[in-house]
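For reference, the structure is listed below as structure tokens.
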Amino acid sequence: MTFLSLAFKSLRNRKFATSLTILSIALSTALLLSVERTKRAAEEGFTQAVSQTDLIIGARSGPVNLILFTVFNMGSPTANVSWQTYQKWKSNPAVEWTIPYSLGDGHRGFRVVGTDENFYQHYRFRGDRSVEFSEGHAALDLWEVVLGSEVAAKLQYKIGDPVVVAHGVTREVGIQKHDDKPFHVSGILKPTGTALDNSLYVSLQSIEAMHLDWHDGAAPSDDKHIHQSEIHKEDIKVDEITSFFMQTKSRIEILRLQREINTDKTEPLLAIIPGMTLAEIWRGLGYVDQALKAISWMVVAVGLMAMLIALLTGLNERRREIAILRSIGAGPKKITALLVLESTTLTLIGVSLGLLIELSGFYFLKGWLENNFGLYLVGAVFTSTDGLYLALTLMLGILIGLIPAWRASRLALKDGLSVRI
Amino acid sequence: MIELQGVEFQYPRAHLKTLEISKLKIEKGERVFLFGPSGSGKSTLLEILAGVLVPQKGSVRILNQKLETLNSAQRDQFRSGHLGYIFQSFNLIPYLSVEENILLPLSFSPLRRERLQGKSPVSEVEHLCHRLGILNLRQRKVTELSVGQQQRVAVARALLGNPEIILADEPTSSLDHDHREKFIQLLFQICEEKNTTLLFVSHDRSLEKLFSRSLSLLDINQVRAL
């Protein structure tokens, strides 16, 4: 009959209270770890919303603005980049590829992006994930459009359906519609969990074609109207784009090229390194993560309090037991040790179970989280931060266990061998 | 064996002394009945003898060891090695089996383990249980036992590893009359076999006649209960 098995059997005797205590510690630990894991996934998801792109280039504004409207569909560009300038940088020998982006039109609240085949070929996110089709093919012809997964799901469009693009990105119905020039759905993208899902993609020429008969931002009068069938892709000259993505041939070229673009006198442009800007924005959003973390630590505190309460209330019923142990020679120190052993065991089991719940929870809910929340569990399953949190919780549990242990030894001294309750 | 000299004890924050004993001596192998009505300081005296309480004055000598010269951890160790204690009731730890309850003192006392002289603890438990008529109860849960059976288990636990002294605090108060006498006779027999000294404390004078020596705490204690 060892000391350890005595503690274990005592805990087993109080199965109900013990399992509730373990459960409360386990759930709070699981919550703490889940918040950490979610934060990690959100951070990776955010900072890798676009990857393998070395530079994003647009008209001179601010880096945050540029990344928001190119990568997150938020805000709007202030000026454009001329076609000549784009061609000039595109043909720079240090450049591997570029993806042009032409923005400004929308469809029922979703943004329409004019781009070219490089988008389908080179755009990457979350490491090396590329743009894939769930059905259909790229929109390379003049009146073809590709839908992001969310667009297709919300509007319930199928391949071949007509799509009328509105001038400007508006909710519901556009004030001015290009309803004389409808598009047809040529493809639907697979879900990506990024802003790509919420856009429609057409060719650069399509954007120009829609506005071919427009002058000074106004719709054509009936006599100036050019019919859709009269427009041919080969005849369209692209004047300007909004921004473009760039990959360099070698990483060491990035900074040099960035400086070169930023200081070029012919057209004022801004080139940013997306990873850096994204990380900067994420740091700015840090308070959300801090608030979540504070809440989960409070939950851990509540879990440990539950243990404290369970142990303290159990103590009164155990005064007889303690008197018996004293009569056979257990000193107050041994009684203290017994209770510390109990609370440590409870916390240890609770924390381990919490880890198990968190790991298996994310394992089994992975698909569901991706489909419903766009939360992609990229990154490590377990990090040193998690380890630190587990150790901290365990330590707190042991510290809190000292309170009932201290009280038990006080009671042991007070009661001696004759308990009168 | 047990020798008290000029012992005075007062609880902290109490106005009066609880116990004042000028002299008390119990010899080896004696079976002493100590009578005391409630409030006369029986439990206090037993806890002083067990080394749980330390008197403010006087000397408590057990097996030639002055308890007041030991620190509290040493007194705990001394108690576990040399004294067996039987409670009035609630003698057993509810979540342990009969056998585990009886074996419990061995995990606190190396001395009691030594005294088994290499015999396996389980066989010693078997022997004691056989003597006490609870042989077939060893694997049972203690909560399934009758009060009389529980007290026998308590006796077995007090005796395992042959401590020199058994202190019994009203162990028969929850037994009916017939069982009381039988229980005490059995306790005597085993104490005799093992040459164990027994101090039996009770408020029930009807048991007095069974003992070779009887003391009244009212006579020994110079503090008069109100």
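The values are calculated or read from the model by the stated rules, or taken from the named source; none is laboratory data. This is a predicted model, so every value here is computed, not measured. Every residue, glycine among them, receives a Cβ derived from its backbone with ideal geometry; neighbour counts consider all protein chains shown.
Quick notes
- Residue B:69 fulfils the conditions (1) among the hydroxyl-bearing types (Ser, Thr, Tyr); (2) more than 22 Å from residue B:215 (Cα to Cα); (3) more than 9 Å from every other protein chain (Cβ to nearest Cβ); (4) surrounded by 16 or more Cβ atoms within 10 Å (Cβ to Cβ) except for a single criterion, (4).
- Some residue of the range A:2-16 being more than 14 Å from every other protein chain (Cβ to nearest Cβ) and either without any contact (Cβ under 8 Å) to a residue 60 or more places away in the chain or not in a strand (DSSP E or B) (or both): no
- Residue that is farthest from residue B:168 (Cα to Cα) [pool: residues in the range B:85-94 that are surrounded by 20 or more Cβ atoms within 10 Å (Cβ to Cβ) and within 8 Å of another protein chain (Cβ to nearest Cβ)]: B:93
- For the range B:157-175, the criterion of a residue being over 16 Å from the mean Cα position of the chain (by Cα) and either more than 14 Å from chain A (Cβ to nearest Cβ) or among the small types (Gly, Ala, Ser) (or both) is satisfied by at least one position.
- Pairing each residue of the range B:153-178 that is more than 20 Å from residue B:194 (Cα to Cα) with any residue that is part of a helix (DSSP H, G or I) and aromatic (Phe, Trp, Tyr), provided the two are 6+ apart or on different chains, yields C-beta distances under 8 Å for B:172/B:183; B:175/B:183.
- Taking the criterion of being in a strand (DSSP E or B) and surrounded by fewer than 22 Cβ atoms within 10 Å (Cβ to Cβ), the residues of the range B:22-34 that qualify are B:22, B:23, B:24, B:25, B:26, B:31, B:32.
- For residue B:14: the one exception among (1) touching a residue at least 60 places away in the same chain (Cβ under 8 Å); (2) more than 17 Å from the chain's Cα centre (by Cα); (3) part of a loop (DSSP other than H, G, I, E, B): (1)
- Screening residue B:166 with (1) of a type in the set (Val, Ile, Thr); (2) touching a Pro at 6+ places or on another chain (Cβ under 8 Å); (3) within 20 Å of residue B:62 (Cβ to Cβ) gives one miss only, at (2).
- Top-ranked residue of the range B:163-181 - restricted to ones that are modelled with pLDDT of 90 or more and not charged (D, E, K, R), ranked as nearest to residue B:105 (Cα to Cα): B:163
- Exclusive hit being closer than 30 Å to residue A:121 by Cβ, away from chain B (no Cβ under 14 Å), out of contact with any Leu (no Cβ under 9 Å at 6 or more places or on another chain) and surrounded by fewer than 18 Cβ atoms within 10 Å (Cβ to Cβ), set A:19, A:51: A:51
- Applying the criterion of being hydroxyl-bearing (Ser, Thr, Tyr) and more than 16 Å from residue A:193 (Cβ to Cβ) to the residues of the range A:22-48, the residue that is surrounded by the fewest Cβ atoms within 10 Å (Cβ to Cβ) is A:34.
- Helices (runs of 4 or more DSSP H) completely within the range A:267-385 that count 1 or more residues being within 14 Å of chain B (Cβ to nearest Cβ) and under 26 Å from residue A:28 (Cβ atoms): A:286-317, A:332-373
- Of all the residues in the range B:37-65, those that are assigned to a loop (DSSP other than H, G, I, E, B), touching a residue at least 60 places away in the same chain (Cβ under 8 Å) and facing chain A (nearest Cβ under 10 Å) number 1.
- Matching residues in the range B:96-139 - criterion: being of a type in the set (S, T, N, Q), facing chain A (nearest Cβ under 9 Å) and surrounded by fewer than 22 Cβ atoms within 10 Å (Cβ to Cβ): B:107
- Considering residues of the range A:388-421 that are without any contact (Cβ under 8 Å) to a residue 24 or more places away in the chain and more than 14 Å from chain B (Cβ to nearest Cβ) only, the residue farthest from residue B:44 (Cα to Cα): A:388
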